[in-house]
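The values are calculated or read from the model by the stated rules, or taken from the named source; none is laboratory data. Please read all numbers here as calculations on a predicted model, not as lab measurements. Note that each Cβ is placed from the backbone with ideal geometry, even for glycine, and that neighbours are counted across all protein chains shown. Each accessible area value is taken on the protein alone, full model and side chains, heavy atoms only, with ligands, DNA and RNA left out. Shrake-Rupley method; radii C 1.70, N 1.55, O 1.52, S 1.80 Å.
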Amino acid sequence: MSASDDAPSGDAPAEFALVATGIAKTYGATCALRSARVALRRGRVHALLGENGAGKSTLVKILVGAVRPDAGQITFAGAPVAFGSVTQAIRAGIVPIYQHLSLFPELSVHENLSAFALAAGGGLWTGRRLVEPARARGWLNEVGLDIDLATPLGSLSLGERQLVEVARALSLDCRVLVLDEPIAALNADEADRLFAVVRRLCAGGAAALFISHRFDEIEALADEVTVLRDGRTVIDAAPIGRHSREQLTHAMLGAGVEAAPARLSERAEPVLAGRGLAAGRDGRAGIDVTVHAGEIVGLAGLIGSGALSLAATLGGAQAGPGELSVGDASFTPGGRRRAAALGIAYVPADRHSEGLFGALSARRNGSVSALGPLARLGWLRARAEAQAIDPLLRRLKLHPLVPEAEAATFSGGNQQKLLIARGLAVPGLKAMVLLEPTRGVDVAARGVIHEAIREAAVAGVAVLVATSDLDELMVLAHRYLVVREGTLAAELPRGAARAALLAALSGSAAA
Amino acid sequence: MRTKRLPDTPGLPGRRGLPRLARPPAVALVCLGLFLLCCAFVPRFASFGNIENVLRVASILCVVACGQAVVILLGGIEFSFGASAALASVVTVTALPALGPVGGLAAGGASVIAIGAVNGFLVGRLALPPVIVTLGTLMMASGAAAWLVGGLPIDAPPSAAFSWPARGRVLGVPVPILAALLACAALHLMLAHGRIGRLWYHVGANPVAARLAGLDVTRITTLGYAVAGAFCAVGAIILTSRVASGQPALAPNLPFETIAACAIGGLPLSGGRGRVSQVVFGVLTVAMLNNAVVLINLPVAWQLVLLGLAVLAAVGLQKDWAALARLARRRGR
Amino acid sequence: AGPVIGVSVPNLGSSFWISVLYGVDTAAKADKARLVTLSAGGDGNSSQQISQIQDLIQRKVDAIIVGATNGDAVKAIVERAVAAGIPVIGISSPPNTPTLAAVVSADHYDMGKLQAECLAKAIGGKGEVAMMAGPAGQAWSDLRAQGFRETLAKVAPNVTIVAESRLADNRNAALTTAEDWIQRFPDLAGVYSATDDMAAGVVSALKASGKGTVKVSASNLSPTAQQMLKDGDLACTSIQQIVAQGKAALDQAVAAATKGKVDAKVVTPAVLVTPDNVGSIDLSLVVAPADYRP
Amino acid sequence: MTPRSTGRARFLVAPAAIVLAAGLFGLASPGFLSLDNGLSMAGQIWILALLAVGQMFAIAARGFDISVGAVAALSGTLGAMAANAVGLPGLLVAVPVGLACGTVNGWLIGRARFQPIVATLGTLLAVKGLALLVSDDGQVVPLEEAARAAGLSFDAVAGLPPLGWAALAAVGLAHVVLRHMLVGRRILMLGSNPEAVALVGAVPWRIEMSAYQLCGAFAGLAGALMTARAGAGLPTEGAGMELQSIAAAVIGGTMLAGGRANVWAVLAGATFVQVVLTGLNLSGVSPFIAQIAVGAVIIASGLMDAGLRSFLTRLSRLSPPKGTFR
Ligand SMILES: Nc1ncnc2c1ncn2[C@@H]1O[C@H](COP(=O)(O)OP(=O)(O)OP(=O)(O)O)[C@@H](O)[C@H]1O
Ligand SMILES: Nc1ncnc2c1ncn2[C@@H]1O[C@H](COP(=O)(O)OP(=O)(O)OP(=O)(O)O)[C@@H](O)[C@H]1O
Ligand SMILES: O[C@@H]1[C@@H](O)[C@H](O)OC[C@H]1O
Ligand SMILES: [Mg+2]
Ligand SMILES: [Mg+2]
């Protein structure tokens, strides 16, 4: 960890790779940034913190030339710059890794790795723009991917794609690396590999800007931290360790939040049960899972282990072998409609492509699985709908609390709250199956979502949470199921050591 | 305390407390502007008779466009409307001797609904691209229509009941206009208050999410295309009654005109968004344009050029107006 | 077996070509010829017709009867057919080439001319006339319109043509346009219609707006036109002996295929039909029976 | 994210459909499978093929172009006029004319953010009108060198007429553009993830524009071919070709959601449509029944696509596991 206590302003300017001050940006009536400052030093990893919607991604887009600021200055290597395009910024050595993957599912991994070269500039032929296969393989190796360059990107899992995006950044001559929530989809092992890559780049004199909602990651990687609140910089380049987690949280939110400990309920009768299920397309059938009333079961697994597939199967969202039941009623894997009718809520991992109705209002996103009781003779009762959904939105602290606003206009964390609200609104809710319920969500929203999940459990709902976030797993679940290579590798009780979990996940002999 | 600034998007409720319904879509301005322009410059445009003409033609288009709107809302597109209307006219007239005017028209209408349901099933259940499906049924319906009558238009014996849908009046209002009003009202109720309309929005906005939320995407889609077929059937009945005959080539441009009307009205063809008022103003714009170029009485070549430019201008202006309106609202705050 | 005759027509969605085909069909039964009938699917589909004639050449039929989508457009491919030893007979809108074995045709110019004479008389030699002239770029519609225009200028110089529409041959489209005309030209005295289908649309519009006094002339004599004449909705229609043309074309084709004697030119005269003489026309030479299916 | 594609399977649908259709027609009319007939058909597919290949670029960029028929008619007509002025090579004026129309479409869609259907509907009408204006109200423009043009269009040299070879070369060029040139790759990138293209440094509207320009240029080329085959510029031609070309492109595996396309598969799609049309012609069924059959076949090709996709998915389940887990 950095030992420097100097205020950044006291440093020689040559030490700074990139300084942005007074940055402001307004979208329509939304003020994304009011007056943001961030100063990156060579050789250092700089963390950017802020709650959902604080303007982090907007600041990143401005730094990399994808969005033009309304006001403010950017100095790069001591000279003022105004990048007119991503290409210019990249040419100068500012390399972005975005929050939402900027990859091309229909193209090959090779083409994706060459995307910057393919996208920019004149010229006729692709030939020389496609990076040399040997080098491309080198980058993939560096992030720990062993895949054929000709593989279509679309056939990779989300985590694998994220790593491809990181590998792509390595292709560029990088002086400032900008990472906007890069590890939301990575597991601990892969996050480590990414960290190593970042550290190596910084050791070579590059600067890194790193956005994350997880304190663990920030403490593990960053040297300094800047906190953004409501479009303004409220903590400017403080060394890591100067502020406690509580202080940082307070700076981000203006108020502290504390995660309430999960209240363990007595084991009650089984609610959601699956027999003979398979985890993932390559997994062998034969997995049995039971979730009891009031119980929160955590399902963990590395990327590609089949954990998410197993969870999706339990939610009725994915077809496969085996049979499922909730209470006395049974349904088949893939029978999502029947599962919903039986009171099983399902929150998919990929909120954009599988969860959100971007064109519809927040309230309508919440009520979609509850239209039955809200309709009388095919007529939707608007007031009943508002009465059913709006309290949920309020409870989840939706911001802004405008149930009529289109879902697409909310920030990521708030969109996730809509999906949770949808789940809670399922009529006759008996079980909830949640995949990565707080991926890319800030601490405050995460707290709210966790609280809502706990409350549901306390009310007798059986909850299954599949997550790659060990902290989440440990703080939330009553017991942990670990999936490895398509099999149920271990079952651990709450309070099991982190090391034991990690060992079970990776199958190492450590345990 | 920070003040809450709401994002300024069309998805938000009216700022001054106006309910959604009362806020006119941007195309309304274009439509109004075009109307004034026509009144000022197009000879005899503003006569009572001509306005009624425009409205009568617009009505047929409007009823069918309501169907097209449902399909577009679902993220699809319907090319088979023209052909199935033709088939309806032919079926009607062929069935006339056996079923009488009412039964005949009903049989014709039913055939359109059936084609819609088939389209919807193929799209919803088997995930075939709507372009391919409706293009296929377009060919089949039009082949079937021609085959039924051997390619020849056949006349319906004159009858009051038969000509009522096109020529009748209720309390002085021409039946087609009444039908359009009813169709719009029905569609509005479905979309704004009905459960089925809501489900269409969901499926159109994100079919995967809809399935995972527990909706029966196949049924919703099939029903949507069938309801669209029902709107088209009403239009087909009016058209059949209007030409008093079975016509294997009744209205080949119907799909294009209704798609254009919806698009001009501002419905994105990606689905999930749209209101009835947009369809209405889109239809009125198309009908006025068509009427104006005939009244201006230019050679056909210029009519086409003018019509093409007008379609582009109508949409282009709408974009600028929307931008201007946003700007004005921001200044005014 | 008899010879195989290819028949290529623009559009079997028109009463005209159905009647032609009927004539061809009946004659083929008599002559024991076998037919391969192809429709290009529209008056504007020349490319499709070219491909179809290519197919007929490919199939080595013994002769081809061609009603052209456009006489110039199919010229080249027809000359290929002739060069390949297949005699080609043009019908109604013949391919524009001297290599045809025979041409069977009506006189379209005359059909327009007859309409002009009749309509001028019906409206009393003065007033405003509108033309539902049929699709642009088609020999039959262009010639017919030309015949009408030139004759009208001669026989009734006081009549002005106020509007001309070049829509496809479609009843609904004609109806809508006529409705618009009625608003735009309240003093309209007469309407020329290139076909009886379009005339039916015009008549509907006029009747619906109480303008029954406006005179309408047409060409061709489908059952619809017969009815309109009987009801007094049409002033007249100038007709060609369509079925007779079809029969003649087939006879010529068989003759050419079997190296028999071919008449190079068969012209069936244009005839004016009015409410007075409609009863005396031999329909079997003019129009296919209603239950005929190609 | 559900995987949106099963590799190259979608590009096999059209070839498979051709084989199936040819087999069926061969059974129905024995002449169908003759070499002569094959060659004759090989001479006929090119207008549709060029239009479909152009359409493919627009579809790959998540749009479509319904003005292609009208654009072909206008450019073919102007091409005929140019040929009459400067000799047969003047016919190639059709290409820049098509390119110009495509540029207008591309500007409207890419830059002014019009929906593709509105923009191309507007240009469809305007271009139709222009074609009438330049041609004295729709009169065909006979080529002075019609005989030579006919020779080039119909007399086979090594299996194909010279213009067939030229069209094949143009299709080959399209393949090169799509696979090996930056424009093509960028079009696929835009179709695959429109939000991401700007973030990796491309200018989305320029890409979209180039897609419609390619589409227009190929429509122009189709117009030139149309003129050569007819020996005349045909200003009123082209109705219905927009839908046919879309069908051929989609049957040829072009993904309507953008991002995936294969020129040879599109060529196969166009060939398939033509095989069906010709096969029905020669089988002597009533033209109305033939039309019904064409419709059924179009839908069936869609069903085949769905079937093939699920079959291959099932097949790939049996393949050994892959992934990052080692
Ligand atoms: N293109 C846009 N149009 C309109 N509003 C936008 C746009 N992009 C961002 N915003 C708004 O600007 C604000 C800041 O968004 P930004 O994405 O920068 O937040 P963030 O700090 O990255 O949040 P998260 O942690 O959820 O990623 C939000 O209210 C967001 O809704
Ligand atoms: N359609 C497909 N085609 C090819 N490979 C696939 C497909 N779907 C999944 N895979 C591969 O199968 C393996 C298991 O995937 P699965 O989705 O079951 O794992 P998971 O644990 O849910 O992964 P994640 O945590 O990334 O969601 C992965 O390596 C993935 O790349
Ligand atoms: O006269 C005929 C016309 O009525 C028909 O519609 O097309 C062909 C013409 O020869
Ligand atoms: Mg962000
Ligand atoms: Mg997964």
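If you build a Gaussian network model of chain C, linking Cα atoms that sit under 10 Å apart, which residue out of C:256, C:84, C:28 swings the most?
Among C:256, C:84, C:28, the largest mean-square fluctuation in the Gaussian network model of chain C belongs to C:84.
Through the Karplus equation 6.51 cos²θ - 1.76 cosθ + 1.60, θ set to phi - 60°, convert the phi angles of the range D:196-202 into ³J(HN,Hα) values in whole Hz; use x for Gly and Pro.
7, 4, 5, 5, 9, x, 8
Applying 1/(1 + (r/R0)^6) with R0 = 51 Å to the Cβ-Cβ distance of residue B:298 and residue C:267, what FRET efficiency is obtained, to the nearest 0.05?
E(calc), rounded to 0.05, equals 0.90.
Please get the size of the charge dipole for chain B, origin at its Cα centre, with Cβ charges of +1 on Lys and Arg and -1 on Asp and Glu, quoted in debye to the nearest 20.
It comes to approximately 1900 debye.
Which net charge results when you count Lys and Arg as +1 and Asp and Glu as -1 among the other residues whose beta-carbon is under 12 Å from that of residue A:300?
-2
Once you list every other residue whose beta carbon is under 13 Å from the beta carbon of residue A:202, what net charge do they have if Lys and Arg are +1 and Asp and Glu are -1?
That works out to +4.
Can you pull the three principal axis extents for the Cα set of chain A, in Å, largest first?
Each principal axis gives a Cα extent; for chain A these are 70, 50, 49 Å.
If each DSSP helix of 4+ residues adds -39,500 (n - 2.57) and the sum is divided by the residues in chain A, what number results at 222 nm, nearest 500 deg cm²/dmol?
Using -39500 (n - 2.57) per qualifying helix, the result is -9000 deg cm²/dmol.
Dipole of the range A:107-163, Cα-centred, from +1 at each Lys and Arg C-beta and -1 at each Asp and Glu C-beta, to the nearest 20 debye?
Using Cβ point charges on Lys, Arg, Asp and Glu, the range A:107-163 gives about 220 debye.
Rounded to the nearest whole Å², what accessible area per residue is found for the range B:45-332 with the 1.4 Å probe?
In whole numbers, the range B:45-332 has 32 Å² accessible per residue.
Return one number: the angle in degrees, 0 to 90 and rounded to the nearest 10, between the long axis of the Cα atoms of helix B:81-126 and the longest principal axis of the Cα atoms of chain B.
Once rounded, the angle reads 40 degrees.
Within the set A:397/B:319; C:29/C:207; C:121/C:207; C:32/C:75; C:154/C:211; C:75/C:261, which residue pairs have Cα atoms separated by over 31 Å?
Result: A:397/B:319; C:29/C:207 exceed 31 Å.
What does the structure give for B:243-255 when I average, per residue, the other chain Cβ atoms found within 10 Å of the residue Cβ?
The mean count of partner-chain Cβ atoms within 10 Å per residue comes to 5.
Based on the alpha-carbon gyration tensor of chain C and its eigenvalue square roots a ≥ b ≥ c, which shape applies: rounded if a/c is under 1.5, prolate if not and a/b is larger than b/c, or oblate?
In terms of gyration-tensor shape, prolate.
Could you check which residue among C:275, C:87, C:186 shows the biggest mean-square fluctuation in a GNM of chain C with a 10 Å Cα cutoff?
Comparing C:275, C:87, C:186 in the GNM, the peak value goes to C:186.
Apply the Karplus parameterisation 6.51 cos²θ - 1.76 cosθ + 1.60, with θ equal to phi minus 60°, to every residue of the range C:88-97 and state each ³J(HN,Hα) to the nearest whole Hz, in sequence, with x for glycine and proline.
10, 10, x, 9, 6, 10, x, x, 7, 9
Return, for the Cα atoms of the range D:7-137, the radius of gyration and Dmax in Å, separated by a comma.
Rg and Dmax of the range D:7-137, Cα atoms, are 18.7, 54 Å.
Using a Förster radius of 56 Å, what is the FRET efficiency between residue D:155 and residue A:379 based on their Cβ-Cβ separation? Nearest 0.05, please.
Calculated transfer efficiency: 0.20.
So if we plug the beta-carbon distance of residue D:148 and residue C:291 into 1/(1 + (r/R0)^6) with R0 = 56 Å, what FRET efficiency do we get, rounded to 0.05?
FRET efficiency, residue D:148 to residue C:291: 0.70.
At 7 Å along Cα-to-Cβ for each site, give me the label-to-label distance between residue D:85 and residue A:172 in nm.
My value for the distance between the label points is 4.9 nm.
Go ahead and set up a Gaussian network model of chain D, Cα springs under 10 Å, then flag whichever of D:153, D:310, D:40 fluctuates most.
D:310
When the C-alpha atoms of the range C:185-285 are aligned to their principal axes, what extent does each axis show, in angstrom, from largest down?
On the principal axes, the range C:185-285 reaches 59, 27, 16 Å in Cα extent.
As a test of the definition: which semi-axes, in Å, follow for the range A:71-126 when you take the square root of five times each eigenvalue of its alpha carbon gyration tensor? Largest first, please.
Equivalent-ellipsoid dimensions as semi-axes: 26, 15, 9 Å.
Across peptide D:109-117, what mean number of C-beta atoms from other chains lies inside 10 Å of a residue's C-beta?
Mean shielding count: 4.
Could you give me the radius of gyration and the Dmax of the protein assembly as shown, taking only the C-alpha atoms into account and expressing both in angstrom?
Over the protein assembly as shown's Cα set, Rg and Dmax evaluate to 35.1, 115 Å.
Restricting things to alpha carbons, find the Rg to Rh ratio for the range C:170-218 using the Kirkwood radius for Rh.
0.91
Sort the range B:229-312 into rounded, prolate or oblate with this rule: let a ≥ b ≥ c be the square roots of the eigenvalues of the Cα gyration tensor; rounded if a/c is under 1.5, and if a/c is not under 1.5, prolate when a/b is larger than b/c, oblate otherwise.
Because a/c hits 1.5 or more and a/b fails to exceed b/c, the range B:229-312 counts as oblate.
Rounded if a/c is under 1.5, else prolate if a/b beats b/c, else oblate: with a ≥ b ≥ c from the C-alpha gyration tensor eigenvalues square-rooted, which is the range B:45-332?
Judged from the Cα gyration tensor, the range B:45-332 comes out oblate (a/c at least 1.5, b/c at or above a/b).
Across peptide B:213-221, how many C-beta atoms of other chains are within 10 Å of each residue C-beta, on average?
6
With each run of n ≥ 4 DSSP H residues scored as -39500 (n - 2.57), what mean residue ellipticity at 222 nm is computed for chain D after dividing by its residue count and rounding to the nearest 500 deg cm²/dmol?
-23000 deg cm²/dmol
For residue C:213 paired with residue A:401, estimate the spin-label separation in nm (one decimal), with each label point 7 Å from Cα along the Cα-to-Cβ line.
That separation, rounded to one decimal, is 7.5 nm.
Can you tally the net charge around residue C:221? Count Lys and Arg as +1, Asp and Glu as -1, for every other residue whose Cβ sits under 13 Å from the Cβ of residue C:221.
Charge balance near residue C:221 sits at -2.
Calculate log10 I(q)/I(0) of the range D:4-315 for q = 0.06, 0.07, 0.15 Å⁻¹, where I(q) comes from the Debye formula with a single equal point scatterer on each Cα and nothing for solvent.
-0.19, -0.26, -1.20
Based on DSSP H runs of at least 4 residues, each adding -39500 (n - 2.57), what is the mean residue ellipticity at 222 nm of chain B after dividing by all its residues, to the nearest 500 deg cm²/dmol?
-24500 deg cm²/dmol
How many nm separate the modelled label positions at residue D:28 and residue D:195, each set 7 Å beyond the Cα in the direction of the Cβ?
It is 4.8 nm.
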